[in-house]
Amino acid sequence: MVEIRTPISVSEAVARVQAEAVRLGSEFVPIEEAYGRILAEPLIAAHDVPFFDRSPYDGFAIRSKDSVGASGSGRVAFEVVDHIGAGAVSDKKVGKRQAVRIMTGAQLPQGADAVVMLEQTQETAGAADVEGTETNASFTIRKPFEAGENISFRGEDMRSGEEILPAGSLVHPGTIALLATFGYERLEVAKLPVVGILSTGTELLEQGSALEPGKIRNSNGPMIAAQLRRMGVRGRMYAAAVDRLDDMLDTVRQALTECDCLITTGGVSVGDFDLLPAVYERLGAKVLFNKVAMRPGSVTTVAVLDGRYLFGLSGNPSACYTGFELFARPALLRMMGAQRVYPMQTRAILGEDFGKANPFARFVRAVYDGERVVPAGFNKSNAVSSIGRGNALIVLPGGTRGFKAGDTVDVILPGMEEGSAVWNL
Ligand SMILES: Nc1nc2c(c(=O)[nH]1)N[C@H]1C(S)=C(S)[C@@H](COP(=O)(O)OP(=O)(O)OC[C@H]3O[C@@H](n4cnc5c(N)ncnc54)[C@H](O)[C@@H]3O)O[C@H]1N2
Ligand code: MOO
Ligand SMILES: [Mg+2]
């Protein structure tokens with residue numbers, strides 16, 4: 001008698017997987033290797049940024065009170081007493097009707113409280129001496145300046161001690177700039193999970209092998225390795241397993257001693273050679289679900305054993321791809337303490353009719369162009385073409401009759417560097 005499985009909703013399945021996440025520890029990495037990692041600690045500003053009042057423009061630093069009353073018919077003149085670029089600090093104190101010629105990024109000299117842009121001045125005598133500190137150049141202005149005008153103040157960007165990013169933030173290029181600003185050489189980040197990849201199926205050929213009757217090349221293994229790479233994790237690839245229970249059990253047992261999580265593909269349905277259910281049983285793993293009300297990937301199975309996940313993704317490539325993005329990736333990110341574990345979700349206009357009725361939620365591999373989303377061609381569970389072409393998944397809820405071009409639909413964007421903090425679907 002074939003086993004009858006009870007499907008649960010995708011949201012329920014996502015929640016069950018999330019609830020089992022075991023947090024990984026942390027480690028220090030050099031800042032050059034921190035891109036893509038998850039912060040283990042909040043990032044606190046180590047000092048004020050900027051660290052000194054500075055000029056945001058190329059111009060002249062003056063005392064604002066000296067500019068009072070300046071007008072087109074009554075221009076006020078200043079004597080230039082020094083000349084500095086970014087990196088230099090003037091030893092002059094700006095006195096009455098004096099100015100320091102100052103370039104963008106240079107520290108504001110003592111006494112000055114405003115900066116006049118070069119364009120707002122008329123030079124009246126000589127030219128500023130680029131090399132020298134002494135110059136008798138002068139200029140006039142035609143409007144008064146307020147105290148603080150055109151100054152980039154110490155601490156205006158970040159205050160010493162302020163929390164800039166919470167733990168669980170993704171380290172992206174902007175974060176690297178932040179870390180570099182504070183002089184970090186190393187950073188405490190969540191450890192990366194060790195994730196095993198085991199493709200199962202007697203039909204599977206290694207990459208580079210010639211096709212043989214009845215056989216196919218293993219596309220799921222390399223695909224999952226790349227899905228892991230997309231989140232900064234290098235998978236540990238096991239040789240594809242033939243559909244023989246004892247061998248498979250040995251490989252899975254071995255993998256579980258080496259990995260925090262094992263992703264298998266294939267063998268989770270009800271077929272005579274679908275051995276993963278028996279593997280879970282022999283291992284004594286807790287099966288969280290083995291049927292999800294979704295297409296593709298309805299037979300996706302997730303189990304846990306001793307704090308380790310066993311993701312039993314379907315062998316069908318589109319189902320495998322989808323199962324990874326919906327369940328495995330968010331779980332791995334949760335293990336790392338990430339704040340935004342779910343795939344980025346948006347809504348878009350459906351570019352063409354999608355007529356199929358949906359008893360189960362349907363995840364349609366699709367191409368999203370920023371406004372419209374169009375199914376990426378042949379879209380069955382076994383499709384490879386549409387995962388190859390697509391950059392998005394259209395989400396059509398279960399219990400619907402099909403959709404028309406122009407309808408607004410939910411879309412998952414799996415390629416985003418960082419995902420969503422909430423599961424909205
Ligand atoms: N009587 C039933 N049959 C099936 C059911 C069902 O409910 N009742 N479910 C179907 C659904 S839905 C799916 S999806 C598949 C799931 O199959 P499995 O996860 O057990 O995977 P396999 O049987 O091992 O393989 C399915 C398919 O995928 C190909 N495959 C497997 N591994 C790879 C790989 N690494 N790279 C590329 N392609 C792979 C395999 O050759 C098969 O064609 O079951 C349905 N059947
Ligand atoms: O698990 Mo299947 O992908 O619904 O064809
Ligand atoms: Mg099968």
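As an equivalent ellipsoid, segment 1-72 spans semi-axes of 61, 21, 11 angstrom, where each value is the square root of five times an eigenvalue of the C-alpha gyration tensor, largest first.
For M231, no residue has an amide H sitting under 5 Å from its own, ignoring neighbours fewer than 5 places away on the same chain, with H placed 1.01 Å from N. Centroid-to-centroid, using Cα positions, segment 1-52 and segment 216-291 are 22 Å apart. Peptide packing for 350-357, 208-215 was compared via the average number of neighbouring C-beta atoms within 10 Å per residue; ordered from the highest value, the list is 350-357, 208-215. In terms of overall dimensions, the C-alpha atoms belonging to the chain reach 100, 49, 41 Å along their principal axes, ordered largest to smallest. Scattering from the C-alpha atoms of segment 59-141 alone, worked out with Debye: what is log10 I(q)/I(0) at q = 0.13 1/Å? Here log10 of I(q) over I(0) equals -0.33. How would segment 223-309 be classified by its alpha-carbon gyration tensor: rounded, prolate or oblate, with rounded meaning a/c under 1.5 and the a/b versus b/c comparison settling the rest? Rounded is the answer for segment 223-309, as its axis ratio a/c remains below 1.5.
Look at the dipole of segment 231-295 built from charges on Cβ: of G266, N290, M248, the Cα furthest out on the positive end belongs to N290. Would you list which aspartates and glutamates come within 16 Å of K65, measuring only between C-alpha atoms, while excluding same-chain residues fewer than 8 positions from it? Qualifying aspartates and glutamates at Cα under 16 Å: E79, D113, E146, E149. Percent antiparallel among DSSP beta bridges with both residues in the chain, to the nearest 5? Antiparallel: roughly 70 percent of the beta bridges in the chain.
Direction-averaged projected area, Cα convex hull, segment 171-262: 7.9 nm², rounded to one decimal. Over 29 Å apart at the Cα level, from the set K191/K215; K215/K404; K286/K356; K215/K291; K92/K143; K380/K404, are K191/K215; K215/K404; K286/K356. Amide H contacts under 5 Å for L165: L43, restricted to partners 5 or more places along the chain or on a different chain, H placed in the peptide plane at 1.01 Å from N. The Cα-based radius of gyration and maximum Cα-Cα distance (Dmax) for segment 344-413 are 10.8, 28 Å.
Against the empirical curve 2.2 N^0.38 Å, the C-alpha radius of gyration of segment 86-211 lands at a ratio of 2.02. The residue list I102, V68, A112 was ranked by how far each Cα lies along the charge dipole of segment 59-141 toward its positive end, using unit charges on Cβ atoms, and V68 comes out on top.
Every number here is computed from the coordinates shown, using simple stated rules; none is lab data. Bear in mind the structure is a predicted one, so any value in this text is a computation, not a measurement. All Cβ positions, even for glycine, are placed from backbone atoms using ideal geometry, and neighbour counts span all protein chains on display.
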